[in-house]
1. Output the residue which, of all residues in segment 1-56 that are at pLDDT 90 or above and charged (D, E, K, R), is surrounded by the fewest Cβ atoms within 10 Å (Cβ to Cβ).
2. Determine if segment 38-58 includes at least one residue that is touching a Leu at 6+ places or on another chain (Cβ under 7 Å), in a helix (DSSP H, G or I) and either within 16 Å of Pro125 (Cα to Cα) or not acidic (Asp, Glu) (or both).
3. Take Arg148 and tell me if it is touching a helix residue (DSSP H, G or I) at 6+ places or on another chain (Cβ under 7 Å) and at pLDDT below 95.
4. Output the number of residues of segment 104-118 satisfying the condition of being buried (at least 22 other Cβ atoms within 10 Å of the Cβ) and either among the aromatic types (Phe, Trp, Tyr) or within 17 Å of Asn16 (Cβ to Cβ) (or both).
5. Given the condition out of contact with any Asp or Glu (no Cβ under 8 Å at 6 or more places or on another chain), outside any loop (DSSP other than H, G, I, E, B) and surrounded by fewer than 18 Cβ atoms within 10 Å (Cβ to Cβ), answer yes or no: does some residue in segment 119-139 qualify?
6. Counting only residues that are under 17 Å from Val164 (Cβ atoms) and in contact with a helix residue (DSSP H, G or I) (Cβ under 6 Å, 6 or more places away or on another chain), which one in segment 79-93 is surrounded by the fewest Cβ atoms within 10 Å (Cβ to Cβ)?
7. Kindly evaluate Thr96 against the criterion of being surrounded by 21 or more Cβ atoms within 10 Å (Cβ to Cβ), polar (S, T, N, Q), within 19 Å of the chain's Cα centre (by Cα) and at pLDDT 95 or above.
Amino acid sequence: MLTNLPPVTKALLIANVGVFLLQKLLGSALFAPLMLWPMGMEAYARVAGVSGFLPWQLLSYGFLHADLAHLLFNMLALVMFGAQLEYVWGQKRFLTYFLVCVAGAGLCQLGVASWSVLEGGLPYPTVGASGGVFGLLLATGMLFPHQRVMLLIPPIPMKARTLVIAFGVITLVMGITGTQAGVAHFAHLGGMLFGWLLIRYWRGQPPFRRGGPTRARHF
């Protein structure tokens, strides 16, 4: 299967796995400047010896993972949804889309985490490609709404559009209620939101003007 992956999907897979192995080999503390930290934590940063928020973290955090299960889930979704989208969009557009979703998810998480710090909460870093993966899921639901997708747990087939709606609603509810602490639910929603906005921009649909790129026929 790996030999048949398109180049950008394969490169993202290799990069994420390679960085994870380095994390385990060298220790995650060494990668703290690449994790996404909230703003407003200057005093804590001086005491704890961490860097605090830096602009490049909006992308770099997406190549770090907390544990093996976190990595495996994201990489499986990357292969399932990313390869198909890259074949349709081409390498440049696919990479642009994925990175926009990662950065957009980071912006949403940055806002939520920074607000928590202002309210007196302890700062915590965010890692993982889940924002980009949720963006890929959203794109699959928009481009191939009637395509059947088989879940792993539970093994239930459903339309891609149904899966996107279900994941979006569940993630929103979990984020609002604070269910499953330690999971950046609003980052996942942010990846979907920015993916939706970018596809709407490419299509020339509201809130953007018409006259999108010539390859809009793929959408």
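The values are calculated or read from the model by the stated rules, or taken from the named source; none is laboratory data. Predicted model, so just to flag it, every value in this text is computed and none were measured. Cβ coordinates were reconstructed from backbone atoms using ideal geometry, including for glycine residues, and neighbour counts include every protein chain displayed.
1. Lys24
2. Scanning segment 38-58, I find at least one residue that is touching a Leu at 6+ places or on another chain (Cβ under 7 Å), in a helix (DSSP H, G or I) and either within 16 Å of Pro125 (Cα to Cα) or not acidic (Asp, Glu) (or both), so the answer is yes.
3. The answer is no for Arg148.
4. 2
5. Pass one, segment 119-139, residues out of contact with any Asp or Glu (no Cβ under 8 Å at 6 or more places or on another chain): 119-139.
Then keep just the ones that are outside any loop (DSSP other than H, G, I, E, B); that gives 126, 130-139.
Going one step further and asking which of them are surrounded by fewer than 18 Cβ atoms within 10 Å (Cβ to Cβ), we end up with none.
Scanning segment 119-139 turns up no residue that is out of contact with any Asp or Glu (no Cβ under 8 Å at 6 or more places or on another chain), outside any loop (DSSP other than H, G, I, E, B) and surrounded by fewer than 18 Cβ atoms within 10 Å (Cβ to Cβ).
6. Once the filter is applied, the top-ranked residue is Val88.
7. no
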